[in-house]
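Undergrad: Mind looking over this structure? Questions follow.
Values quoted throughout were computed directly from the atomic coordinates according to the rules given, and no laboratory measurement underlies them. Since the model is a prediction, treat every value here as computed from it, not as a measurement. Don't worry about glycine lacking a Cβ; one is built from the backbone with ideal geometry, like all the others, and counts go over all protein chains shown.
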Amino acid sequence: MKIIADLHIHSRFSRACSTKITPSTLAAAALEKGINLISTGDFLHNQWLTEIKQNLEPDKDTGFLKIKGPDKGVRFMLGTEVATFFWEKGKSKRVHTCIMIKNMESISQLRDVLSKAGNLDIDGRPILSMSTSELVEKVINIERDAFIFPAHLWTPYFGALGETTGFDSIKEAYEDMEKYIYAYESGLSSDPKMNWMVSQLDKYALISNSDAHSLEKLGREANVFDVNKIEYNEIFKAIKEKDKTKFTSTIEFYPEEGKYHYDGHRQCNFSLKPGKTSDRICPVCKKPLVIGVMHRVIELADREEGYIPNNAIPYTHQIPLREIISFVIKKGIGTQAVENKYKEFIKAFGTEFNALNSSFDAISKIDHDIAEMIEKIRKNEIKIIPGYDGVFGKFELL
């Protein structure tokens, strides 16, 4: 059974998230995208937890949750992201970590323990005054089978290996609790090819998720499984063991499109391709640049680009269908014209992933120009102006 899973999303109770996000709209958007398994996001937030309980029910066959009423085919896994702020050796550390759990009964215990370190109901992604190792220890003590992984590993401000965080390894970031970390999230601004340059990461599974703050962003990165059934232990065993017969691939955003790929300064409209000797000072304002993901990967790399580890999970790059439509018809991505064309594709192919992976001839029956654009993307006949300092990258034709 093919499963497409997006294991890191947010509710409308997280900062800068769409107010349209509800359990029901998430299920509908996942179904439209072609996602079978999705995180609930933000399960520590009391208002969102109430909505989860009101709208979702246990699915006895899988151990996950599903929308109450007629089965839509989408399953939910209890997941959240937590920000830990702490001091180490006189320096401030800020790390985002994702937590997935199996049992609804564990949430009240987690809330009791973690609320001592911060207010869980101010933000869907709570800020806790504790170290990453303390967080993992407290979670594992309550839910032994919890799946815990560093979120967007390389992003400058909150990634465990990001520039401002200051850690140079996952072991350094999570200390003795690193033994419970067996995967990491690569983030939108990096892809497997970049991560494979860093040999210390070989022991962990690389997973890719959308970190969606709106319904439209679901599945822009995802994980593909081929398992006997959707079941918590089977999914995470496949990840932990990097079993390529079951964890078959990841779906990747082009990393250049990520908003922290290059070094740069948004306010100065300046960016540059990083290197080990690149200047860290903005030539426009003379202030320190925001050091991007590519720069950090190069700093920690001990391999040349192109190296593929023996146990590497394959991957494919995709550009979301709405972006492609917007580019071709020259209308804003949030316009009704783009949405109407998108719905046309969904009606024809059932899901966005089906549409993006269909033949040229099949796509051409819906729209020949869009079919040609998708074909050019498949042939890498595009260039991408890399993102930097919070600015998303943009793709263009060669």
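Undergrad: Between C285 and I308, what is the FRET efficiency for a Förster distance of 41 Å, r being their Cβ-Cβ separation, to the nearest 0.05?
TA: The calculated FRET efficiency here is 0.55.
Undergrad: Dipole size in debye (nearest 20) for the chain around its Cα centre, Lys and Arg Cβ +1, Asp and Glu Cβ -1?
TA: For this selection, approximately 560 debye.
Undergrad: From the residues I140, L201, Q109, which one has its Cα farthest along the dipole of the chain in the positive direction, the dipole being from +1 and -1 charges on Cβ of Lys/Arg and Asp/Glu about the Cα centre?
TA: Among I140, L201, Q109, the one farthest towards the positive end of the dipole of the chain is Q109.
Undergrad: Where in the range 341-355 is the amide nitrogen less than 14 Å from a point lying 7 Å along the Cα-to-Cβ axis of D369?
TA: The answer is 341-342, whose backbone nitrogens lie closer than 14 Å to the label point.
Undergrad: Taking the range 150-246, which trypsin sites (Lys or Arg not before Pro) meet the DSSP loop condition and have no more than 15 other C-beta atoms within 10 Å?
TA: K203, K229, K244
Undergrad: So which trypsin sites (Lys or Arg not before Pro) in the range 1-54 end up in coil per DSSP with only 13 or fewer other C-beta atoms within 10 Å?
TA: R15, K20
Undergrad: If you take the Cα Rg of the range 101-193 and divide it by 2.2 N^0.38 Å, with N the number of residues, what do you get?
TA: Details: Rg = 13.8 Å, N = 93, 2.2 N^0.38 = 12.3 Å.
So the range 101-193 has a normalised radius of gyration of 1.12.
Undergrad: When we measure straight from the Cα of K244, which aspartates and glutamates land under 14 angstrom away, once same-chain ones fewer than 8 places off are left out?
TA: D226, E234
Undergrad: Right, another one. If amide hydrogens are placed 1.01 Å from N in the peptide plane, which non-local residues have theirs closer than 5 Å to the one on I382?
TA: Counting only residues 5 or more places away or on other chains, the set is L398.
Undergrad: So, one more: DSSP loop (so not H, G, I, E, B), at most 13 other Cβ within 10 Å: list which GluC sites (Glu not before Pro) in the range 348-381 pass both filters.
TA: Listed in order of number, the matching sites are E381.
Undergrad: OK, next. Please give the charge dipole size of the range 165-212, origin at the Cα centre, charges +1 on K and R Cβ atoms and -1 on D and E Cβ atoms. Round to the nearest 20 debye.
TA: In total the dipole reaches around 180 debye.
Undergrad: Further, regarding this structure: For the range 162-214, evaluate the Debye formula with one uniform point scatterer on each Cα (no solvent term) and list log10 I(q)/I(0) at q = 0.15, 0.20, 0.25, 0.28 Å⁻¹, rounded to two decimals.
TA: Here the Debye-derived log intensity ratios amount to -0.47, -0.82, -1.17, -1.30.
Undergrad: Ok, one more. Using a cut-off of 29 Å between alpha-carbon atoms, which lysines can reach K116, once sequence neighbours fewer than 8 places away in the same chain are excluded?
TA: Once the sequence-local lysines are set aside, what remains near K116 is K53, K89, K91, K93, K102, K138, K171, K179.
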